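I have placed the structure first, in the form of C-alpha cells, so that the comments after it can refer back to it.
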Amino acid sequence: IRLEDNYNVVVIGGGPAGYVAAIKAAQLGARVAIVEKGEFGGTCLNVGCIPTKAYLKNAEIIEHIREASTRGILIDSSQIKVDMEKVQEYKNGVVKKLTSGVVALLKSNGVDIYQGVGKINKNKDVVVNDSQIIKADKIILAGGSKASRINIPGIESDKVLTSDDLLAIKEVPETLAVIGGGVIGTEMGQSFAGLGSKVIIIEMMDRIVPPLDHEVSAELTRIVKKKGMTIITSARITEIVDKGDKLEIKIDGKDSVIADKALISIGRVPDLEGMGEVKFETERGKIKVDKYMETSVKGIYAPGDVNGIKMLAHVAFRMGEVAAENAVKGNHRSIKLLSAPSVVYTSPEVAMVGLTEEEARAKYDDIRIGRFNFAANGRALASSEAHGFVKVIADNRYGEVLGVHIIGPSAAEIITQASLIMEMEITVDEVIKTIYGHPTYSEALFEAFADILDEAVHIP
Ligand code: FAD
C-alpha cells in the first residue's frame, strides 16, 4: 500500500452531503480530498431526486395532452407512444450535465479527487481501493444509503426491481406492483402510471406515505385512485412467485396481485462500507452523530443519509456544510432541522414543514388551523389544477407557526415560504401583512394564514 498524501480533511462519498462538505472545507482554506466509488452526485443526482423528476415531467406532459380537449385544444391522444430509449437518453443527459457540474465544482475549489472505495483503517487514515493510503486530520464519512431489501420468499426474482433498476428499465411494464407506498414508491408509481403502466401500490400501514398529515394522505389517496392507480393498504407481502412471464405477489397468505414487474420501495439503509476498521456507535444500522455531525469517534463526522436522521438531499447538503465547518474550525455550528421541508413529487405535489396536526395537538394545548382549497384559487382554476388544499397549524396564544401542509399545484415551491416563515419565527398576523402577487398559487398559503385569524376574504 502506498502513502499518497496528507490532507486536512478527507471526505468519503461524493453525494449531496460529501461533495458539499468537500467544497465547503476547501472554501474555508483546508486541503481536501474526496473519495467516490461510483458516480459523483451520489444517489440524488444519479438515481434519486433528479432522474425521478425527469420521469415525472414525462408523466405530466402525457396528462396535459390527455386533458387538453377539456380546454378546447384538440389532439388525438390515442396516438401517444412512449419511446423508453429516448426517455432514458434525455434523463441520462440531464444527469450527466449535473454530475459533471459537481466534478467541475470540486476541481475549481482545489479538491483532490480519488476514484475508488474509501475505508477508514485503525489509524484513522483513509485507504482507497486497498492500495492507497491518504492521511487526514479530520474525516467526513458521507457514504449515503442504498435500497433496503426484505427477506420474503421469491424476492430474488429479476422481475423485482429497486428504484435504481426501474430508472434504467428499457420498456414500460404493462403492470407494475409497488411494494411499499412511501415517498419513493408513490412517486415512482405515479410516474409509471403516467407512462402507461397499470400500477398497484401495496402498503403495510393503513395509508400511503405514513409520515404525512392524515388529511393530506387521505386527499393524496383519493386523487391518485381517481387517476387509476390501485392502492392496497394494511397489507403484508408473504411471498413472491415468479411464474415465468408474470409475478404473483401474495398478500397475507390469501390475496394476490399479478404483475409484470415489482418495485421494492420499503425504505433505505445507510451504506456503512466506508467505516472500515473503525467502530462507531450505531443505532439500527445508522451512524450516531451529535448536533455537530460528529460521530462517537472524535474527528470523524457523518453527515447525510448515513446517519439516517432525515434522508433528504437538502438535509444532506446542510449537514455536509455543518460537518465541514466543524471539521475545519472546531465544533461550533450545530444542525437545526425545524425549517427543513419534506416533499412528495406526485401530481399534485405534496409538501410539509413542521408538525402534523396530530403532533401539534399532542404538544400544544391550544392550536388553530387555517385552510384554503385550491378550488377557490384563480391561478389553479385557470390551469386546470384546482385540486388539494393548504393547511396551516399555529399556536393560538402567540401566533407561532407550528406546521404547514400543502397538497396542490407547485406545493414544493410554495413550501419554501413556510420554511422561511418558521425559520424567521414570523407570526400569523405578520404573514398576512404581506401583499401576495395575483394570481398565484401562493395566494392559497396567504388565505390559509388569514383563515387562522378569521380574516380570509376569499373563503365562502
Ligand atoms: P448519497 O447520495 O447516497 O451519496 C453517497 C455517495 O457515497 C455515493 O455516491 C456512494 O457511491 C458513495 N460511497 C458510499 N460508500 C463509499 C465508500 N466506502 N467509498 C467511496 N464512496 C462511497 N431527496 C430529496 O430531498 N428530494 C427528492 O426528490 C428525492 N428523491 C429521491 C428519489 C429516489 C428514487 C431516491 C432513492 C432518493 C431520493 N431522495 C430525495 C433522497 C436523496 O437522494 C438522499 O437523501 C441524498 O442523496 C443523500 O445524500 P448523501 O450524500 O448522504 O448520500
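The values are calculated or read from the model by the stated rules, or taken from the named source; none is laboratory data. All of these numbers come straight from a predicted model, not from anything done at the bench. Note: ideal-geometry Cβ built from the backbone for every residue, glycine included; neighbour counts use all protein chains shown. Quick note on the areas: whole protein, heavy atoms, side chains included, nothing else; ligands and nucleic acids left out. Shrake-Rupley method; radii C 1.70, N 1.55, O 1.52, S 1.80 Å.
Based on this model, can you work out whether Ile150 counts as of a type in the set (Val, Ile, Thr), open to solvent by 20 Å² or more (accessible area, probe 1.4 Å) and closer than 15 Å to Ile237 by Cα? Considered against the rule, which asks whether it is of a type in the set (Val, Ile, Thr), open to solvent by 20 Å² or more (accessible area, probe 1.4 Å) and closer than 15 Å to Ile237 by Cα, Ile150 comes out as yes.
Looking across Lys250, Lys286, one residue alone is modelled with pLDDT of 95 or more, crowded, with 18+ Cβ neighbours inside 10 Å and within 16 Å of the ligand (Cβ to nearest atom). It is Lys286.
A single member of Ala21, Ala30 is within 16 Å of the ligand (Cβ to nearest atom), touching a residue at least 12 places away in the same chain (Cβ under 8 Å) and not in a strand (DSSP E or B), and it is Ala21. Across the range 109-126, the qualifying residues are those that are open to solvent by less than 60 Å² (accessible area, probe 1.4 Å), in contact (Cβ under 8 Å) with a residue 60 or more places away in the chain and closer than 16 Å to Lys279 by Cα, and the one among them that is nearest to the ligand (Cβ to nearest atom) is Gly118. Scanning the range 314-353 for residues that are β-branched (Val, Ile, Thr) and part of a helix (DSSP H, G or I) returns Val315, Val322, Val328. Scanning the range 30-62 for residues being farther than 30 Å from Lys329 by Cβ and touching a Gly at 6+ places or on another chain (Cβ under 6 Å) gives a total of 2. Of all the residues in the range 395-429, those that are part of a helix (DSSP H, G or I) and under 21 Å from Tyr364 (Cα atoms) number 7.
Matching residues to (1) surrounded by fewer than 16 Cβ atoms within 10 Å (Cβ to Cβ); (2) away from the ligand (no atom under 12 Å from the Cβ); (3) of a type in the set (Phe, Trp, Tyr); (4) outside any helix (DSSP H, G or I):
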position	(1), (2), (3), (4)
Thr43	no, no, no, no
Asn58	no, yes, no, no
Ile61	yes, yes, no, no
Gln88	no, yes, no, no
Lys107	yes, yes, no, no
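Test Met275 against the criterion of being touching a residue at least 60 places away in the same chain (Cβ under 8 Å), within 12 Å of the ligand (Cβ to nearest atom) and either among the aliphatic types (A, V, I, L, M) or open to solvent by 50 Å² or more (accessible area, probe 1.4 Å) (or both), and give yes or no. In short, yes. The residue that is surrounded by the fewest Cβ atoms within 10 Å (Cβ to Cβ), counting only those in the range 198-234 that are assigned to a loop (DSSP other than H, G, I, E, B) and within 16 Å of the ligand (Cβ to nearest atom), is Pro211.
Here Ala324 passes the criteria (1) at pLDDT below 95; (2) within 14 Å of the ligand (Cβ to nearest atom); (3) of a type outside the set (Lys, Arg); (4) open to solvent by less than 20 Å² (accessible area, probe 1.4 Å) except the one numbered (1). In the set (1) modelled with pLDDT under 95; (2) in contact with a Leu (Cβ under 9 Å, 6 or more places away or on another chain); (3) more than 30 Å from Lys227 (Cβ to Cβ), the condition left unmet by Ser347 is number (3).
Quick one: would you say Lys135 is touching a residue at least 40 places away in the same chain (Cβ under 8 Å) and in contact with a Leu (Cβ under 9 Å, 6 or more places away or on another chain)? For Lys135, the condition - touching a residue at least 40 places away in the same chain (Cβ under 8 Å) and in contact with a Leu (Cβ under 9 Å, 6 or more places away or on another chain) - is met.
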